[in-house]
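Visitor: Below is the structure I would like to discuss, written out as structure tokens.
The values are calculated or read from the model by the stated rules, or taken from the named source; none is laboratory data. For clarity, every value in this text was computed on a predicted model and none was experimentally measured. FYI the Cβ positions are ideal-geometry reconstructions off the backbone, even for glycines, and counts take in every protein chain you see. Heads up: the accessible areas ignore ligands, DNA and RNA and are worked out on the full protein's heavy atoms, side chains in. Shrake-Rupley method; radii C 1.70, N 1.55, O 1.52, S 1.80 Å.
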Amino acid sequence: MTSEDGRAAGRGMRVVIAGGHGQIALLTARLLADAGHRPVGLIRNPAQGGDLVAAGAEPAVVDLEHSDVDTVAALLSGADAVVFAAGAGPNSGAARKLTLDRDGAVLLADAAERAGVRRYVMVSSMGADTFDAGSEDVFQVYQRAKSEADADLRRRDLDWTVVRPGGLTDEAPTGRVRVAVETGRGTVPRADVAAVLAALLSTGAGVGAQFELVSGDTPVAEAVAAL
């Protein structure tokens, strides 16, 4: 089913979000649910399910670091879109940057292809391609993981979009952003990132686009429509 089919049936889109308990994921799920869509959050810890339900999302338990294509593809069956918003977190070591931030994103893309889900929105990181390949510093490995995950997605025959936010804050959303291939350094509230993701999914804009995202002067809807 395409997103247009889902909307025509009056049921909205089914959007599966990897990293479903993350702050951006929960904010995105709430925006999607409020717009009449059906978000599903992939989580590793079943105890987090209540937070997803409170955000309007259906929880689905799977560990992307210890799963396989068929298992994940089954969870994606009937979805209109997937979002990769998972991450090993700031307290994890370099190894998990590769096994989750990179390999988890690749697994989700493999599963999307297997399940016939064409729309894939990636939450990446500003400056990911500037990583130091010879460094074992955790942040450099993280940037490498994001860069390699993005490159893997761009080579696929999927309707992909790669979003590279600047420094994330917990400030209130402004509803105004700047998007460009390169924006220059800046910050952006997580809530505004979520608004951009929801707009990309709801409108289908941004297919084949990779862009950086920071706070700016352009309303989210206008910025997304211009992609």
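Visitor: Please find, within the range 182-207, the residue that is surrounded by the fewest Cβ atoms within 10 Å (Cβ to Cβ) out of those that are β-branched (Val, Ile, Thr) and in contact with a Gly (Cβ under 8 Å, 6 or more places away or on another chain).
Guide: Here the residue is 187.
Visitor: Considering the range 180-213 alone, what residues qualify as being assigned to a strand (DSSP E or B) and either under 16 Å from the mean Cα position of the chain (by Cα) or among the small types (Gly, Ala, Ser) (or both)?
Guide: Matches in the range 180-213: 180, 188, 189, 209, 210, 211, 212, 213.
Visitor: For the range 45-64, how many residues meet the condition of being surrounded by 14 or more Cβ atoms within 10 Å (Cβ to Cβ) and assigned to a helix (DSSP H, G or I)?
Guide: Final tally of qualifying residues: 5.
Visitor: Take the range 159-204 and flag every residue that is in contact with a helix residue (DSSP H, G or I) (Cβ under 8 Å, 6 or more places away or on another chain) and of a type in the set (S, T, N, Q).
Guide: Hits for the range 159-204 are 161, 169, 174, 202, 203.
Visitor: Before we move on, is residue 42 buried (at least 18 other Cβ atoms within 10 Å of the Cβ) and within 20 Å of residue 172 (Cα to Cα)?
Guide: no
Visitor: Going by the conditions given, is residue 133 open to solvent by 40 Å² or more (accessible area, probe 1.4 Å), of a type in the set (A, V, I, L, M) and farther than 18 Å from residue 65 by Cα?
Guide: Yes, satisfied.
Visitor: Taking only pairs six or more apart or across chains, which ones have beta-carbon atoms under 7 Å, a first residue in the range 11-39 that is hydroxyl-bearing (Ser, Thr, Tyr), and a second residue that is in a strand (DSSP E or B)?
Guide: 28/17; 28/83
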